[in-house]
Amino acid sequence: MKGISSSPGDYVYFKSRVPLHKISVGAKQWRYYDFGPKLVPPLICIPGIAGTADVFYKQIMFLSMKGYRVISIDIPRVWNHHEWIHAFEKFLDAINIHHVHLYGTSLGGFLAQLFAQHRPRRVKSLVLSNTFLDTHKFSAAMPWSPVVSWTPSFLLKRYILSRIHEGPHEPFIADSVDFVVGQVETLSRDDLASRLSLNSNAVAVGSLLLSDSFITIMDTNDYCAIPQQLKDQVSERYPGARRAILKTGGDFPFLSRPDEVNLHLQLHLRHVGVDAKPDSVQSISKDGTAGSSSGDGKKDDSHFDNPPNNNGNPGHDGTSHQPDEPSGSGSSAFDQHLLSNARESKPRRHLAFSQSPATAAMGRMHSRGKGISSSALPYKRTPPSWLKISSQDVEENICKFAKKGLTPSQIGVILRDSHGIAQVKFVTGSKILRILKAHALAPEIPEDLYHLIKKAVAIRKHLERNRKDKDSKFRLILVESRIHRLARYYKRTKKLPPVWKYESTTASTLVA
């Protein structure tokens with residue numbers, strides 16, 4: 001069977017292929033993805049405060065193709081750690097799973113350790129990434145934790161996003177941050193408040209019955225929201241655990257460094273004795289439900305082995321750039337060989353799926369069409385009678401979102417989905433960009449041009465590591481041609497200064 005990297009790792013393609021499950025277990029609502037052979041003990045991925053089940057989509061795509069079963073969950077609305085343990089146990093019973101392997105990052109890693117402490121017979125191994133052993137430091141830094149359940153949603157989001165490292169990022173890390181910020185916007189106030197309560201309640205992980213040899217600690221070596229002192233405590237608690245250090249990756253290496261993370265997860269599962277079943281890999285039918293396995297000998301156009309031509313970028317011979325998984329456990333020398341290959345030669349497909357869907361959608365040229373959605377302005381040009389918000393409040397919200405670093409299009413989506421304002425102009429008499437210009441908050445570069453430049457920078461980064469990727473070279477020519485054409489238009493309409501010029505050598509500073 002051919003191995004793949006995060007391809008087809010495009011989030012849109014993932015959403016079209018892997019169904020989202022929602023179940024009620026008692027009073028708790030669970031939202032999760034479950035994909036892979038059902039006979040294999042699952043790897044359950046638990047996100048941090050800012051994550052959802054969607055953030056592990058690259059791991060689901062890769063590991064399921066290798067013959068592993070992966071379940072990615074949302075943290076439900078639980079307000080203390082005992083409630084989490086009982087709720088998670090009932091969830092496992094509801095989906096008929098008895099023994100699990102847990103992969104947790106940040107708060108998810110802490111919750112995974114607590115569950116392994118109190119339910120040792122159910123947890124067979126742990127993978128801990130950028131996590132901690134106790135919450136006393138977070139509790140001391142959050143004196144308003146007793147009133148977190150009454151805190152407005154926008155304050156909770158501001159507090160969570162403020163913990164993410166600010167400053168210039170390389171393209172893959174910046175895209176991972178953008179994706180997670182988009183996921184935070186989908187969380188309700190109760191979801192955010194319950195997660196902050198779990199993170200601020202003063203609780204420490206006790207001793208585990210699980211042997212250190214069944215634990216892998218995977219940390220990034222650059223910046224992270226979890227202090228280095230807390231990460232060192234985890235390493236000291238489990239001295240016999242396997243260590244996997246990523247040189248870079250930021251707070252979300254599962255999105256910014258999926259190839260290395262996927263390989264470490266694969267090696268961990270193989271080390272703890274999980275037998276992959278690549279011959280039983282699930283296929284997806286066109287209606288989004290699980291189909292037959294790939295071992296029946298029938299051709300299935302919707303199978304992951306045969307992605308559409310516009311999703312992914314396979315080589316000319318149709319083979320994968322990722323080495324096949326060996327049978328059996330293999331030696332540590334072979335494990336190091338796999339990891340070194342992942343670091344030295346990234347698959348050429350990786351670039352196409354490194355950007356979030358919103359970023360990719362903005363990097364387009366204007367045309368006379370109506371776009372993908374064929375949108376049309378509302379016939380009525382006055383705000384609805386049920387809309388009670390004043391124009392001054394709308395302007396204040398727009399300025400507030402702009403100061404947080406959101407683009408005009410992102411501000412428009414938030415106002416539409418969270419405040420019911422379909423058209424800002426009908427309420428305030430001015431468009432979002434004009435309001436931002438009046439308050440000196442407008443972006444220096446028009447948003448569509450900015451995203452085209454960001455895409456060009458990402459392609460150049462990719463070509464530095466994959467110089468023989470002729471397809472990406474051709475795409476770079478097309479993207480830069482659009483940049484020059486759009487720049488001429490904006491200089492002609494005086495939205496850019498006459499001396500403004502796009503240069504590939506300094507383009508990264510424009511989107512830093």
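The values are calculated or read from the model by the stated rules, or taken from the named source; none is laboratory data. From a predicted model like this one, the values you see are computed outputs, not experimental measurements. Note that we place each Cβ from the backbone using ideal geometry, even for glycine, and neighbour counts take in every protein chain shown.
Miscellaneous remarks
- Any chance R381 is surrounded by fewer than 16 Cβ atoms within 10 Å (Cβ to Cβ) and in contact (Cβ under 8 Å) with a residue 40 or more places away in the chain: yes
For (1) under 27 Å from S176 (Cα atoms); (2) charged (D, E, K, R); (3) touching a residue at least 40 places away in the same chain (Cβ under 8 Å), each residue gets a yes or a no:
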| residue | (1), (2), (3) |
| --- | --- |
| R31 | yes, yes, yes |
| P47 | yes, no, yes |
| A50 | yes, no, yes |
| W79 | no, no, yes |
| A87 | no, no, yes |
| K90 | no, yes, yes |
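- Elements of type helices (runs of 4 or more DSSP H) in segment 79-150, at least 2 residues being of a type in the set (V, I, T) and at pLDDT 95 or above: none
- In segment 76-93, residue surrounded by the most Cβ atoms within 10 Å (Cβ to Cβ) [restricted to those that are among the aromatic types (F, W, Y) and out of contact with any strand residue (DSSP E or B) (no Cβ under 9 Å at 6 or more places or on another chain)]: W84
- Being at pLDDT below 90, on the phi > 0 side of the Ramachandran plot, surrounded by fewer than 17 Cβ atoms within 10 Å (Cβ to Cβ) and out of contact with any His (no Cβ under 6 Å at 6 or more places or on another chain) is a description that does not apply to K468.
- Taken over segment 135-153, the criterion of being surrounded by 13 or more Cβ atoms within 10 Å (Cβ to Cβ) and either under 25 Å from the mean Cα position of the chain (by Cα) or among the small types (G, A, S) (or both) is satisfied by T135, F138, S139, S145, S149, S153.
- Qualifying residue in segment 171-188 (condition: surrounded by 17 or more Cβ atoms within 10 Å (Cβ to Cβ), on the phi > 0 side of the Ramachandran plot and small (G, A, S)): no
- Qualifying position, being touching a Cys at 6+ places or on another chain (Cβ under 8 Å), farther than 19 Å from T506 by Cα and at pLDDT 90 or above, among I435, I411: I435
- In summary, helices (runs of 4 or more DSSP H) completely within segment 226-283 and bearing 2 or more residues that are acidic (D, E) occur at 228-237, 258-271.
- Lone qualifier among L161, L156 - being surrounded by 16 or more Cβ atoms within 10 Å (Cβ to Cβ), without any contact (Cβ under 8 Å) to a residue 60 or more places away in the chain and under 26 Å from the mean Cα position of the chain (by Cα): L156
- A single member of A507, A512, A458 is more than 30 Å from K388 (Cβ to Cβ) and modelled with pLDDT of 90 or more, and it is A458.
- Residues that are touching a Pro at 6+ places or on another chain (Cβ under 7 Å), assigned to a loop (DSSP other than H, G, I, E, B), polar (S, T, N, Q) and closer than 25 Å to L255 by Cβ occur in segment 7-14; there is at least one.
- Pairs, first on the phi > 0 side of the Ramachandran plot in segment 125-150, second of a type in the set (S, T, N, Q), C-beta under 7 Å, six or more apart: N130/T105; N130/S106; N130/T220
- Of everything listed in (1) touching a residue at least 60 places away in the same chain (Cβ under 8 Å); (2) under 22 Å from R31 (Cα atoms); (3) surrounded by fewer than 24 Cβ atoms within 10 Å (Cβ to Cβ), the single unmet condition for N96 is (1).
- Considering residues of segment 461-506 that are assigned to a loop (DSSP other than H, G, I, E, B) and among the hydroxyl-bearing types (S, T, Y) only, the residue nearest to D175 (Cα to Cα): Y502
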